[in-house]
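Peer 1: A single structure is presented below for examination.
The values are calculated or read from the model by the stated rules, or taken from the named source; none is laboratory data. Since the model is a prediction, treat every value here as computed from it, not as a measurement. Glycine also receives a Cβ, built like all others from the backbone with ideal geometry; neighbour counts cover every protein chain displayed.
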Amino acid sequence: MQLDHLNLYVEDVARSREFYLRVLAPFGYRVLRDFGEDAAGLGTLDYAILGLVRAQPGFPSTHLAFAVATHGEVERFHAAALAAGGRDNGAPGPRPHYHPDYYAGFVIDPDGHNLEVVCHAREEP
């Protein structure tokens, strides 16, 4: 069984739509569903995988991890998230305390959600 979709609650849908488009566009994501100030759905095909849904201030934050195939993609995602206004929460690098081939970077999005991008493949230097 795999994850079908995820709704991420945000304070400002327009701001989050812009942030996630800038961060995820290099990986093929685009807006597939647009409900104005209430919600937006982003995905890579014809199905929205990531929903951005308006919530009230003070909502709890979430940890969201995206898997990629290479260390370079981890670095590109992290750089794109910082350029889009995210805050660094852990530069790209090995995280051997998770497992020997775990390579990840972390960013806090505009709503305080902890975004991770992770590659589980060993890459030779």
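Peer 1: Hey, can you tell me all the residues within segment 20-79 that are under 11 Å from the mean Cα position of the chain (by Cα) and either at positive phi or among the aromatic types (Phe, Trp, Tyr) (or both)?
Peer 2: Correct list: Tyr20, Phe27, Tyr29, Phe66, Phe77.
Peer 1: Just to verify a result, which residue in segment 80-109, among those that are loosely packed, with under 15 Cβ neighbours inside 10 Å and among the aliphatic types (A, V, I, L, M), is farthest from Ala121 (Cα to Cα)?
Peer 2: Going through the qualifying residues, I end up with Ala83.
Peer 1: Additional query: Given the options Leu32, Leu21, Leu64, name the one that is touching an Asp or Glu at 6+ places or on another chain (Cβ under 8 Å) and closer than 19 Å to Ala83 by Cα.
Peer 2: Selected residue: Leu64, the only one of Leu32, Leu21, Leu64 that is touching an Asp or Glu at 6+ places or on another chain (Cβ under 8 Å) and closer than 19 Å to Ala83 by Cα.
Peer 1: Considering only residues that are more than 16 Å from Val23 (Cβ to Cβ) and either modelled with pLDDT of 95 or more or not in a loop (DSSP other than H, G, I, E, B) (or both), which ones fall in segment 98-118?
Peer 2: Tyr103
Here's the yes/no breakdown for (1) among the aliphatic types (A, V, I, L, M); (2) part of a helix (DSSP H, G or I); (3) more than 22 Å from Phe106 (Cβ to Cβ):
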| residue | (1), (2), (3) |
| --- | --- |
| Asp4 | no, no, yes |
| Arg17 | no, yes, no |
| Tyr20 | no, yes, no |
| Pro26 | no, yes, no |
| Leu45 | yes, no, yes |
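Peer 1: I want to confirm something. Restricting to segment 53-97 and keeping residues that are among the hydrophobic types (A, V, I, L, M, F, W, C), assigned to a helix (DSSP H, G or I) and without any contact (Cβ under 8 Å) to a residue 40 or more places away in the chain, which single residue is farthest from Asp12 (Cα to Cα)?
Peer 2: The selected residue is Ala79.
Peer 1: Glu37 - would you say it is closer than 16 Å to Pro110 by Cβ, loosely packed, with under 15 Cβ neighbours inside 10 Å, in contact (Cβ under 8 Å) with a residue 24 or more places away in the chain and touching a Lys or Arg at 6+ places or on another chain (Cβ under 8 Å)?
Peer 2: Judged against the criteria, Glu37 is a match.
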